[in-house]
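Undergrad: Below is one structure. I have some questions about it.
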Amino acid sequence: MIDLLAQADNALDGLKAVGAGLGYGLAAIGPGVGIGLVVGNAITAMARQPESAGMVRTTMFLGIAFTEALALIGFVVFILLNFA
Amino acid sequence: MKNKVQDRSVEVPNRDPHSEPEKNIVSDMLSRGLKITPLWLLLSLAIWGVDGVASSAIGLGLIFANFLAAAAFLTWAGRISVAALMFAALGGFVLRLALLTIAVIGFSKITFFAPVPLAITIIVSHLGLLVWETRYVSLSLAYPGLGPSHMTQKNRKEIK
């Protein structure tokens, strides 16, 4: 009985690690798409108005960083599930 | 009939300091971050103890390094072409996430590692520094990076 419980406990730890990894991967998809959109539109803007490249890049950098925060939330969940 | 191939590449103009705004933004963010770091570490010490301070310091270091790497990679790519900028943004995102994960897994082997302070520090410092920085960013053609420090309130309103 104790062996069975120990096995179930190990399986639970394994499932937790798989879930954490899967969640982190899924959480990175959205920001990836978002960053693609931000940079794609920034490039379009720079191509249309090269004189405003500096301004566009400022906005782009902040947009990338804000979008990346979503991925970092997934990362934090991964840390908490795996190590807490 | 001339069969000229049109050059459609777009070059980023003006290689003056204002044409590389990422550097300005990140250096500004880091200077603000370094000012707030002692306060955050004291708060961590009060809440989570010595292990919490060490983990918070690791978290702050990771976020500062993440911002620095993002700015360096984008600035480097921006000097080449806008296509390289796209590569740097997406490739850099994946690379930085991978490096963050490897770093945290490496730090987790250390005895004083505390996941909760690390997690909270990562989110709070990343979002906090960004929101703080957004207030000072000037979205004008005259000052494409940060608003000049000598700008008066009246000028600031005019630019906005």
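The values are calculated or read from the model by the stated rules, or taken from the named source; none is laboratory data. This structure is a prediction, so every number in the text was calculated from the model and none was measured. Backbone-built Cβ (ideal geometry, glycine too); neighbour counts: all protein chains shown. Heavy atoms of the whole protein, side chains included, go into the accessibility calculation; ligands, DNA and RNA do not. Shrake-Rupley method; radii C 1.70, N 1.55, O 1.52, S 1.80 Å.
Undergrad: Suppose we filter A:A45, A:A65 for residues that are modelled with pLDDT of 90 or more, part of a helix (DSSP H, G or I) and at the interface with another protein chain (Cβ under 9 Å from one of its Cβ atoms); which single one remains?
TA: Residue meeting the stated conditions: A:A65.
Undergrad: Another question, then. Can you tell me which residue is most open to solvent (accessible area, probe 1.4 Å) among those in the stretch B:100-110 that are in a helix (DSSP H, G or I) and free of Cβ contacts under 8 Å to residues at least 12 places away in the same chain?
TA: Out of the qualifying residues, it is B:I102.
Undergrad: Considering only the stretch B:142-149, I want to know if a residue exists there that is surrounded by fewer than 20 Cβ atoms within 10 Å (Cβ to Cβ), under 18 Å from the mean Cα position of the chain (by Cα), more than 7 Å from chain A (Cβ to nearest Cβ) and at pLDDT below 85.
TA: yes
Undergrad: Okay, moving on. Report whether or not A:M60 is at pLDDT 90 or above, over 10 Å from the mean Cα position of the chain (by Cα), of a type outside the set (D, E, K, R) and crowded, with 20+ Cβ neighbours inside 10 Å.
TA: For A:M60, the condition - at pLDDT 90 or above, over 10 Å from the mean Cα position of the chain (by Cα), of a type outside the set (D, E, K, R) and crowded, with 20+ Cβ neighbours inside 10 Å - is met.
Undergrad: Of the conditions (1) facing chain A (nearest Cβ under 9 Å); (2) surrounded by fewer than 17 Cβ atoms within 10 Å (Cβ to Cβ); (3) closer than 21 Å to B:R32 by Cβ, B:H126 satisfies every one except a single condition; which number is it?
TA: Here B:H126 clears every test but (2).
Undergrad: Within the stretch A:12-20, identify whether any single residue is within 22 Å of the chain's Cα centre (by Cα), at the interface with another protein chain (Cβ under 8 Å from one of its Cβ atoms) and of a type outside the set (G, A, S), and answer yes or no.
TA: No, because not a single residue in the stretch A:12-20 is within 22 Å of the chain's Cα centre (by Cα), at the interface with another protein chain (Cβ under 8 Å from one of its Cβ atoms) and of a type outside the set (G, A, S).
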